[in-house]
Amino acid sequence: MRLAASQVIQRPPAEVFRFVATDHFQNHPKWDPAVTSITQTSPGPIGVGTTARLVRTDRGRRVEGSMEVTEYQPVSSFTEVSRFGPFTLHARATLAPVAPASTRLELMIDTHAREIRLLLPLMKGTFRKTMARSLRIIKEQVEATAPPTA
């Protein structure tokens, strides 16, 4: 199942990228309440190949999984692959300037599931709502930071 959604954020791409990608492990739980924690498991700064342990709460159940950064293009795109239970989730964020201090953030997900793949279409509405909520929270969080002074 593949879905996409976008949001214009009134901050430059570098600020949005920092929140969504560079500080991904600290900030992802802020915009996705199902994510309890993300702990980096590889050394060094975030980039292609960086790995992490992901803990989610799914219908009251704790689910542990893994995450790997597969694309890291500063200021323009970030992709990570998460695996937990029967699910594999490819999540990609792309950023594009739309005005001197505004950015269009697009989130795209591609979800696959072993054993329960027939249930994925039934979950499409939930995924859409989650993406819309996540984009709204990202916008609120990033725009809450003080804009740089000229």
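The values are calculated or read from the model by the stated rules, or taken from the named source; none is laboratory data. This one's a predicted model, so the numbers in the text were calculated from it and none came from an experiment. Note: accessible area is taken over every heavy atom of the protein model, side chains too, but ligands, DNA and RNA are not part of it. Shrake-Rupley method; radii C 1.70, N 1.55, O 1.52, S 1.80 Å.
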Exercise. Amide H neighbours of residue 36 under 5 Å, counting only residues 5+ apart in sequence or on other chains, H built in-plane at 1.01 Å?
Worked result: 55, 56, 57
Seminar exercise, completed: For the range 58-67, in residue order, the Karplus 3J(HN,Hα) values (coefficients 6.51, -1.76, 1.60; θ = phi - 60°; whole Hz; Gly and Pro = x) are 10, 6, x, 9, 7, 10, 9, x, 10, 9
Exercise. Across the range 101-111, in residue order, what do the Karplus-derived ³J(HN,Hα) couplings come to in whole Hz, using 6.51 cos²θ - 1.76 cosθ + 1.60 with θ = phi - 60° and x for Gly and Pro?
Worked result: 10, 10, 9, 8, 9, 10, 9, 10, 10, 9, 10
Exercise. Where the accessible area of the chain is counted over protein heavy atoms with a 1.4 Å probe, how much of it, in %, is carbon and sulfur?
Worked result: 56 percent
Seminar exercise, completed: Matching label for the computed Rg/Rh (Cα atoms, Kirkwood Rh), out of (1) 0.92; (2) 1.25; (3) 0.97, is (3)
Problem set entry | Residue-by-residue Karplus 3J(HN,Hα) for the range 27-40, coefficients 6.51, -1.76, 1.60, Hz, glycine and proline x | 8, 3, x, 6, 9, 10, x, 6, 8, 7, 7, 9, 10, 4
Seminar exercise, completed: Given a 1.4 Å probe, the accessible area of the range 52-95 per residue, as a whole number of Å², is 49 Å²
